[in-house]
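Chemist: Questions regarding the structure given below will be posed in turn.
The values are calculated or read from the model by the stated rules, or taken from the named source; none is laboratory data. Note that this is a predicted model, so its numbers are computed, not measured. A quick note on method: Cβ atoms are made from the backbone with ideal geometry, for glycine too, and the neighbour counts reach across all protein chains shown. To get the accessible areas, we keep the full protein, side chains included, count just its heavy atoms, and leave off ligands, DNA and RNA. Shrake-Rupley method; radii C 1.70, N 1.55, O 1.52, S 1.80 Å.
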Amino acid sequence: MVTIPVGELRVQSRSLAGEAWLSELFSSLPVLAGSAWLAGQQQRARQALAGESLPSRRQEAWRFTDASAITAIPAHRLERLAAPAALPAPAAQVLRLVLDGHGDPLEGLALPEGLERLDPAVVEELCGEALDANGAAASWPVQLNGALAHQVLALRVSQPLPIVLELVSDTGDAAGVLGLRLLLVLDPGASLEVLEVHRARGASLTSVVLEARLGPGARLRHGLLAQGQPPQPAAAADELPSSAGAAPVLLHHLAVVQDPASELQLTAAVSGWGLARLEPMVVQRSGAAFTRLRGLQRVDGRQVVDTHSRVLFAGPDGRLDQVHKALADGAGRSVFNGAVIVPRQAQRTDAAQLSRSLLLSDRARIDTKPELEIVADDVKCAHGATVSRLQQDELFYLQSRGIAADQAARLLLRGFCEEVLAELPTPSALWQPLALLMGEEPAP
Amino acid sequence: MTSAATVGDLVSQPYKYGFVTDIETEKIAKGLSEDVVRLISAKKEEPAFLLDFRLRAYRQWLQMEEPDWAAIGHPSIDYQNIIYYAAPKQQIKKASLDEVDPKLLETFEKLGIPLSEQKRLSNVAVDAVFDSVSIATTYKEKLAEHGVIFCSISEAVKDHAELIESYLGSVVPSNDNYFSALNSAVFSDGSFVFIPKGVTCPMDLSTYFRINSGDTGQFERTLIVAEEGASVSYLEGCTAPMFDTNQLHAAVVELIVLEDASIKYSTVQNWYAGDEKGVGGIYNFVTKRGHCRGDRSHISWTQVETGSAITWKYPSCVLQGADSVGEFYSVALTNNRQQADTGSKMIHVGPRTRSTIVSKGISAGHSSNSYRGLVQMGPKAVGARNYSQCDSMLIGDQAAANTYPYIRSQQPDASIEHEASTCRISADQLFYLQSRGIGFEEAVSMMVSGFCRDVFNQLPLEFAAEADKLLALKLEGSVG
Amino acid sequence: MIRPDAPVLLEICDLRASVEEQPILKGVNLTIRAGEIHAVMGRNGSGKSTLSKVLAGHPAYRVTAGSVHYRGEDLLALLPEQRARIGLFLGFQYPVEIPGVSNLEFLRVATNARRQEQGLEELDTFAFEDLVRERLKVVQMDPAFLERSVNEGFSGGEKKRNEILQMALLDPLVAILDETDSGLDIDALRIVAGGVNHLASADNATLLITHYQRLLDVITPDYVHVMAAGQILRTGGKELALELEESGYDWVDAELERLEASAPEGLATAQASRTPAEVG
């Protein structure tokens, strides 16, 4: 076994800091009025975290990821934001909901036919179902979200929708903690495209838990653009709290339950966060569904991005097509852990997973760990992983056609990214995903 | 189905090495304490440095916890209910084979390892270890002519103390893990090999480990040193009688390879695996690690793991010398209730180091077979390369095949490639072979050895045929 | 070549068989004598591929009634490998890939199993290499294919040539070729058919299962049988194949309807069972 040296004392002081951070956060939260159910949920999550600390690197799921950056975020709920500035105007056929954890994003909106607010009684029944099915209810980011969330945005889709639903949060330069809880229910045969965009620049923590339930034959195409940006250099440093320099944190958990003949496509592009942890989890509860996962993450500076995906086939004839890509530059750390679980009942499963990482700097680090657990004999499961720098022969080919080395490298990197970005829902182009991912100045 | 046999009927052949040799044995009392460690050291008349080494390890062990991260499960081990030293009652080592208890010679002959002058294997020198002691080593004199030292580690402690002192624990520190600490405290015997500078060992060397007592733990220690430009091929074999209790086997193997030297280490592990209900069998918790210290040095591990109730084992290479090469070729077969969590670690430290991992896991019955490996490119491993391939074959829908490859890189100019796949013996493939006149059992065996071919190709010739047969036997009754 | 006095190699009587409880063959009768070339034609789902699988002993098919005698011996009582050893050969429509198992080794083991049955001495690796290299010429196959795993990564045409190579090595008395022409371009078809013609003799017999006339342009059958709904509906000479090519299979439906009217019990089920469950 490889023992990764973790200083005992440092761990302890950190865990104390984590415990203090959590209790400070909880004491700052107002008491929930209104929904007794939600208040109960919140209470349970807080109790579960009471006496707990941050996730520790001694836990296998956090072995490569240092969560201590969380304690640099001011431990209070984010104030209600002024309408975020500088969002691109929504494209035609886009229904944009701006989420700030305070107001009701549906207020005053006329929803198109086939899309409606889920009945509160149904919300109580279904909320947490996908988390449980994915065995994720006890995960730290999920508990934290449960302790925070003041409302659940719950939508039912009853037919194929011709629009793209945009779910947007932008905490800007603000400091504090934002909790968002979402639930999507797709009826049999319904289909939906969702583009989820989270932006942050300040010392904020954005915590998202999205549950989705796909009925038989339903189709969900989901894009996640997680566009963090390094904190702006403070103009008047003495006026800002000391934590203002901390980089934003994203904890994103996505739990999906798929019924047979449903199709799920998840595409995520993440960059710019001090710490980002993504947990896409899917269970095909009776198998016979199709899951397509695409991920792209980039780290630079001292950033850490960690994707922990998990796909469970709880019935036969399921399919998975997964590609995860990572770019590590600067002194960044990129972590990918992709679990694929094929129990006995999942005969004839066809699952393929590929992880491709590019290491661009000698101070950066990549950890990647596919995980395959199989107890069925008639299955096709393959996974592959590569870690390298850019292919020298590809670079040379471009150079031999007169393209300068740095430009050739940029072209190849763009190509590497575009392959994933091209799978995002169409309106994503307005959010300039490539430029932001590459840390370039977005075009005006 | 027209054929009466299903692949499922083909797997469970009785374990043919399950007999017990009735021989008077000297055992110490059960249990582990500082006194026991001192007693073992005293019985072996060890120098002070070794007693210190053992005591230090024992104290470290007391502070450690049994690891729980592997995909294995077993009732907790009572370390006070194990005998830490057992030896056949006779002078520890006889000057000549004629003086060795004929019962022991007979035992090894029955295992296919004749030791006597007339019958011994040509071209392979054998060190035979029975419970806690080495009882005979063949061809010692012939090897000595080449300057090769091949003897039990107990003898080496007396005759080559300076080598033991400088190399023992230098690759696997006693506090490396729980079982290496335990082994360092109580190790009984094992083999020592030293190949001096520039020498190619004139024959293959082999150690055969035999557990005989029912309540004894076996803790061997193997140390192989190849000096500059030296090379050796070493084979290890293991069997144990059938008991309905579990026995602990916690060995440590250390390899040290200097500049331009190479060690090829092959294992065919066939400890008793327990019965079909999972009763009895060996807990095989082994730490094997090689250190490629010199430039262009080379270590190759090949293992065929078919026995043991539980196998926990990750033969590894620390590739420090520039351009050094590490290889790991493994076939692990589990059947019935066996559990295996095995794989390799390739730690690339030096520039242009290269490693290859080829792992073939076959899971049948209710067994669980996990590949767990680590490939790590350190900051200085410029131009280093790794290629890993992990394939699983599943037989029946009750067996588990898991793959957990850990990959870490801190060097942009290093490349890692990992591939994994699963397959089974499909009814269509079987029918195809049968429709060409190939019998059912032969068809299964062809497909299994075809699956393992990349690994068998790495075994020394006489071992490869043995491994093929062993696999066919072990699989009997499981495919279907 | 039709010789009424030639010995009967294969005699199929009222053969009925099911797959997954679904009846597919519903009373097939066919007699094949030495020296003859038979062609069984029919649409997808007519049961012709099932017939070949049942004869070779595929475990997925269950014989429910009838008999098959091979040179007087009860074929259905034998394991698939025993059938192969006594000289029955099935050329597969979709030969499976068997990774890891070397083609050369496979061919050698199979050839020796057959030779042992024939009372011939087993061939060692060297003698076998000589034999296989000579037989490769029959199908104009590159010796490089011997070094690869069985059918692994072979193109459709290469797989079919490998099938005919096996036929050349195993020296069968009855060769059943299931859609051997499917997926072949015209050159490959000619090579494969050339191999089959080369191997046909007065002592053995060939049963071609095919969809199209084009194979029969290069291998001339003595008998053509039209199969539908699990039975042989009509038997004729090579001109029957040409007739089918010309007028299609529509008359088959009319014929089936007519039969159904006259014998409702047997064929009502036959009609209903033309389902996708049928393999090939």
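Chemist: If eta is 0.890 mPa s and T is 25 °C, what Stokes-Einstein diffusion coefficient results for chain B, Kirkwood Rh from Cα pairs, in µm²/s? Walk me through the intermediate numbers first.
Modeler: Numbers: Rh = 22.7 Å.
Translational diffusion coefficient: 108 µm²/s.
Chemist: Based only on Cα atoms, what mean projected area does the convex hull of the stretch B:165-235 have, in nm²? Show your work: numbers first, answer last.
Modeler: Values: hull surface 23.1 nm².
One quarter of the hull surface, i.e. the mean projection, equals 5.8 nm².
Chemist: Oh, and also: Using a 1.4 angstrom probe on protein heavy atoms only, which residues from the stretch A:381-401 are buried by at least 20 Å² of accessible area when all chains are present rather than their own chain alone?
Modeler: The answer is A:Cys381, A:His383, A:Ala385, A:Thr386, A:Val387, A:Ser388, A:Arg389.
Chemist: Would you mind calculating the relative contact order of chain C from Cα pairs under 8 angstrom and at least 6 residues apart, reporting the percent as a whole number? Mind showing how you got there, number by number?
Modeler: Numbers: 514 pairs, mean separation 78.8, N = 280.
Normalised by residue count, the contact order of chain C is 28 percent.
Chemist: Tell me the mean residue ellipticity at 222 nm calculated for chain B from its helices only (DSSP H runs of n ≥ 4, each -39500 (n - 2.57), averaged over every residue, nearest 500). Spell out each step's value before the answer.
Modeler: Numbers: 10 runs with 103 residues, N = 480.
Rounded to the nearest 500, the figure is -6500 deg cm²/dmol.
Chemist: Please compute the average number of Cβ atoms from other chains found within 10 Å of each residue's Cβ in peptide B:390-401. Walk me through the intermediate numbers first.
Modeler: Working: counts 3, 3, 3, 2, 8, 1, 4, 10, 4, 5, 7, 9.
So the per-residue partner count for this stretch is 5.
Chemist: Could you state how much accessible area is buried at the B-C interface, both sides summed, with a 1.4 Å probe, in Å² to the nearest 100? Write down the numbers at each step before the final one.
Modeler: Values: alone 18860 and 12840 Å², together 29440 Å².
That pair of chains buries around 2300 Å² in total.
Chemist: Further, regarding this structure: Would you mind checking which residues have amide H under 5 Å from A:Leu205's amide H? H placed 1.01 Å from N; only 5 or more apart, or other chain.
Modeler: A:Gly176, A:Val177, A:Leu178, A:Val249
Chemist: Further, regarding this structure: Under unit Cβ charges (Lys, Arg +1; Asp, Glu -1), what dipole magnitude, rounded to 20 debye, does the stretch C:8-272 have relative to its Cα centre?
Modeler: Values: 25 positive and 41 negative charges, 49 e Å.
I would put it at about 240 debye.
Chemist: Taking every pair of Cα atoms in chain A, average 1/r, invert it to obtain the Kirkwood radius, and report Rg/Rh to two decimals. Display every interim value, and only then the final one.
Modeler: On the way: Rg = 21.3 Å, Rh = 22.4 Å.
Taking Rg over the Kirkwood Rh, I get 0.95.
Chemist: To continue, here is another question. List the pairs from A:Lys380/B:Lys380; C:Lys26/C:Lys238; B:Lys360/C:Lys48; B:Lys110/B:Lys345 whose alpha-carbon separation is above 29 Å, in the order I gave them.
Modeler: Pairs exceeding 29 Å: A:Lys380/B:Lys380; B:Lys360/C:Lys48; B:Lys110/B:Lys345.
Chemist: When a/c reaches 1.5 or more, the comparison of a/b and b/c decides; with that in mind, is the protein assembly as shown rounded, prolate or oblate per its Cα gyration tensor?
Modeler: Details: a/c = 2.03, a/b = 1.09, b/c = 1.86.
Oblate, since a/c reaches 1.5 and b/c is not below a/b.
Chemist: Follow-up. Taking the Cα centre as origin and putting +1 on Lys and Arg beta-carbons and -1 on Asp and Glu beta-carbons, what dipole magnitude results for the protein assembly as shown, to the nearest 20 debye?
Modeler: Working: 109 positive and 151 negative charges, 369 e Å.
Its charge dipole is roughly 1780 debye.
Chemist: Can I ask one more? Of the candidates A:Ala404, A:Ala276, A:Ala247, which one comes out as most mobile in a Gaussian network treatment of chain A with C-alpha springs shorter than 10 Å?
Modeler: Per the Cα network of chain A with a 10 Å cutoff, A:Ala404 tops the list.
Chemist: Using modelled backbone amide H atoms (1.01 Å from N, in-plane), which distant-in-sequence or interchain residues come within less than 5 Å of A:Leu118's amide H?
Modeler: A:Ala154, A:Leu155, A:Arg156
Chemist: Still on this structure, I have one more. Got a number for carbon plus sulfur as a percent of the protein assembly as shown's accessible area, 1.4 Å probe? Don't jump to the answer; show the numbers that get you there.
Modeler: Values: 22660 of 45370 Å².
About 50 percent, which is the carbon plus sulfur part of the accessible surface.
Chemist: Here is a follow-up. Over the alpha carbons of the stretch A:28-155, what is the largest minus smallest coordinate on each principal axis, giving the biggest first in Å?
Modeler: Taking the Cα atoms of the stretch A:28-155, the three principal extents are 48, 37, 29 Å.
Chemist: If you put +1 on each Lys and Arg Cβ and -1 on each Asp and Glu Cβ, how big is the dipole of the stretch B:321-480 around its Cα centre, in Debye rounded to 20?
Modeler: Numbers: 14 positive and 16 negative charges, 99 e Å.
Rounded to the nearest 20 debye, it is 480 debye.
Chemist: Summing -39500 (n - 2.57) over the DSSP H runs of n ≥ 4 in chain C and dividing by its residue number, what mean residue ellipticity at 222 nm do you reach, to the nearest 500 deg cm²/dmol?
Modeler: Numbers: 11 runs with 116 residues, N = 280.
One gets -12500 deg cm²/dmol as the mean residue ellipticity at 222 nm.
Chemist: Also, quick follow-up: Count the net charge of all other residues whose Cβ sits under 12 Å from the Cβ of C:Arg114, scoring Lys and Arg as +1 and Asp and Glu as -1. Let's see the in-between values first.
Modeler: Numbers: positive: B:Arg436, C:Arg83, C:Arg85, C:Arg108, C:Arg115; negative: C:Glu81, C:Glu117, C:Glu122, C:Asp171.
The answer is +1.
Chemist: Further, regarding this structure: What shape does the stretch A:366-444 have by the C-alpha gyration tensor, where a ≥ b ≥ c are the square roots of the eigenvalues, rounded means a/c under 1.5, and otherwise prolate means a/b greater than b/c and oblate the rest?
Modeler: Details: a/c = 2.76, a/b = 1.47, b/c = 1.88.
Verdict is oblate for the stretch A:366-444.
Chemist: Residue by residue through the stretch B:295-310, what is 3J(HN,Hα) from phi via Karplus (6.51 cos²θ - 1.76 cosθ + 1.60, θ = phi - 60°)? Round to whole Hz and write x for glycine and proline.
Modeler: Here the 3J(HN,Hα) series is 4, 6, 7, 8, 10, 10, 9, 10, 9, 10, 9, 10, x, 6, 5, 9 Hz.
Chemist: Using θ = phi - 60° and the Karplus relation 6.51 cos²θ - 1.76 cosθ + 1.60, list the HN-Hα couplings for the stretch C:204-220 in order, rounded to whole Hz, with x at every Gly or Pro.
Modeler: Along the stretch C:204-220, the couplings run 10, 9, 10, 10, 9, 10, 8, 9, 10, 5, 4, 5, 6, 6, 10, 10, 8 Hz.
Chemist: Between B:Lys27 and A:Glu129, what is the spin-label point distance in nm, taking each point 7 Å from the Cα along the Cα→C-beta axis?
Modeler: Distance between label points: 6.0 nm.
Chemist: With viscosity set to 1.002 mPa s and temperature to 20 °C, compute the Stokes-Einstein D of the stretch C:8-272, Rh being the Kirkwood radius across alpha carbon pairs; µm²/s, no decimals. Mind dumping the intermediate values first?
Modeler: Details: Rh = 19.2 Å.
It comes out at roughly 112 µm²/s.
Chemist: Remind me, relative contact order of the stretch B:381-424 in percent, using alpha carbon pairs under 8 angstrom and six or more residues apart?
Modeler: Working: 53 pairs, mean separation 27.7, N = 44.
Relative contact order for the stretch B:381-424 comes out at 63 percent.
Chemist: Kindly report the accessible area of the protein assembly as shown per residue (heavy atoms of protein chains, probe 1.4 Å, no ligands, DNA or RNA), in Å².
Modeler: Numbers: 45370 Å² over 1204 residues.
I get 38 Å² per residue for this part.
Chemist: Would you mind checking which residues have amide H under 5 Å from B:Val375's amide H? H placed 1.01 Å from N; only 5 or more apart, or other chain.
Modeler: Those qualifying (amide H under 5 Å, at least 5 residues apart or on another chain) are B:Met346, B:Tyr406, B:Ile407, B:Arg408.
Chemist: Further, regarding this structure: Given 20 °C and 1.002 mPa s, how large is the Stokes-Einstein diffusion coefficient of the stretch B:247-293 in µm²/s, with Rh as the Kirkwood radius over Cα pairs? Don't jump to the answer; show the numbers that get you there.
Modeler: Working: Rh = 13.0 Å.
Once the numbers are plugged in, D ends up at 165 µm²/s.
Chemist: How big is the antiparallel share of DSSP beta bridges in the protein assembly as shown, given as a percent to the nearest 5?
Modeler: 15 percent
Chemist: If you don't mind, there's one more thing I want to ask. Mind checking how much accessible area B and A bury in total, 1.4 Å probe, in Å² rounded to 100?
Modeler: When B and A are taken together, about 3100 Å² of accessible area is lost.
Chemist: May I ask you to evaluate 6.51 cos²θ - 1.76 cosθ + 1.60, the Karplus curve with θ = phi - 60°, for each residue of the stretch A:156-172 and list the ³J(HN,Hα) values in order in whole Hz, giving x for glycine and proline?
Modeler: With coefficients 6.51, -1.76 and 1.60, one gets 10, 10, 10, 7, x, 9, x, 9, 9, 8, 9, 10, 10, 10, 9, 8, x Hz.
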